[in-house]
Amino acid sequence: MNNQHNYSFGKISEIIDRLKAPDGCLWDRQQKKEDVGRYLMEEVCEVIDAIDEDSPDALKEELGDVLFQILFLVKLSEERGEFSISDVVDGVSEKMIRRHPHVFGNAEVNNVEDILSNWKKIKGREGKNEREGGSLLRGIPRSLPLLMTAHKITGRAAREGFDWRDTNGVIEKIGEEMAELREAVSGGRKDCIESEIGDMFLSLVNLCRFTQTDPEHALRSSLKKFARRFLFIEETLRKAGQSPRDVSPETLDDLWNTAKRIEKGNS
């Protein structure tokens, strides 16, 4: 680890104060909560990328960016007299102690299922569901990626018994949805096609849940795989003075299959 500068945690707050001072940075002074919220979401996504890449240096940098955005949001709230960083730290500390009675109290648990069950009961006693309207489907962040949202919503419904009996039932449902999608495409109605594609996505998310697969990670992995193979096609054609637009679909398909064979040979 590099501690060359030895900046303290409070130094970030001092930097933010300086940026927002009357003679500081005009751009930073104009930022609103909504703006910082979007930046925070982007930085969190970059943290996930750094984790996927298994890069400690990148992860360290991106966590720093997330921390900066969090403290910037706190500063905006302090300026409006809403809360301070001490309030944030106190709140999360109390919550974590309260929700881990098997660690900080006398509760007894035998496995992870007991821990999660206690967590759910404690959250219920905190009244969050009541504040959100009482439904188990409420309280899910609206800004979550939609695959994660679908995974959480169907998971909550499943915990209340609204679910298929086994994985085969989900796979059969996917077959039904595919048949309905084919029919919608044949009919050519855009609204029907959109609806059936949405149903197909939801069914696939359910399959992820049954097979304990993270849908976001699965799609991210496939996108990386697609990008690797397409880059291979581009580079191969570039060496021949061509681009994908210059060759036939059959040639592109052959190059794609070559990329697949190379990947399998390297695995």
Going through the range 44-87 in order, the residues found to be outside any helix (DSSP H, G or I) and among the hydrophobic types (A, V, I, L, M, F, W, C) are PHE83
Could you please let me know if ARG245 is exposed (fewer than 11 other Cβ atoms within 10 Å of the Cβ) and either closer than 28 Å to GLU180 by Cα or of a type in the set (Lys, Arg) (or both)? yes
Being of a type in the set (Val, Ile, Thr), in contact with a Lys or Arg (Cβ under 7 Å, 6 or more places away or on another chain) and in contact (Cβ under 8 Å) with a residue 24 or more places away in the chain narrows it down to one of ILE70, ILE16, ILE12, so name that one. ILE16
Is it true that ALA50 is within 16 Å of the chain's Cα centre (by Cα), modelled with pLDDT under 95 and among the aliphatic types (A, V, I, L, M)? yes
I'd like the full set of residues that are closer than 29 Å to GLU42 by Cβ, at pLDDT 90 or above and surrounded by 15 or more Cβ atoms within 10 Å (Cβ to Cβ), limited to the range 141-199. LEU147, MET148, THR149, ALA150, HIS151, LYS152, ILE153, THR154
Given the options ARG238, ARG229, name the one that is more than 27 Å from PRO145 (Cα to Cα) and at pLDDT 95 or above. ARG238
Any residue that is farther than 17 Å from HIS151 by Cα and of a type outside the set (Asp, Glu) - is there at least one of those in the range 202-218? no
Identify all residues within the range 213-267 that are without any contact (Cβ under 8 Å) to a residue 24 or more places away in the chain, among the hydrophobic types (A, V, I, L, M, F, W, C) and within 18 Å of GLU53 (Cα to Cα); write none if there are none. ALA218, LEU223, PHE226, ALA227
Conditions first: (1) under 30 Å from SER222 (Cβ atoms); (2) loosely packed, with under 15 Cβ neighbours inside 10 Å. LEU59 passes all but one, so which condition is the exception? (2)
For GLU14, state whether it is among the charged types (D, E, K, R) and surrounded by 14 or more Cβ atoms within 10 Å (Cβ to Cβ). no
Given (1) within 30 Å of GLU34 (Cβ to Cβ); (2) small (Gly, Ala, Ser); (3) within 24 Å of the chain's Cα centre (by Cα), number of the condition ALA158 does not satisfy: (1)
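The values are calculated or read from the model by the stated rules, or taken from the named source; none is laboratory data. A quick note: this is a predicted structure, and the numbers were derived from the prediction, not measured. Quick reminder, even Gly has a Cβ in these numbers, built from the backbone with ideal geometry, and neighbours come from all protein chains shown.
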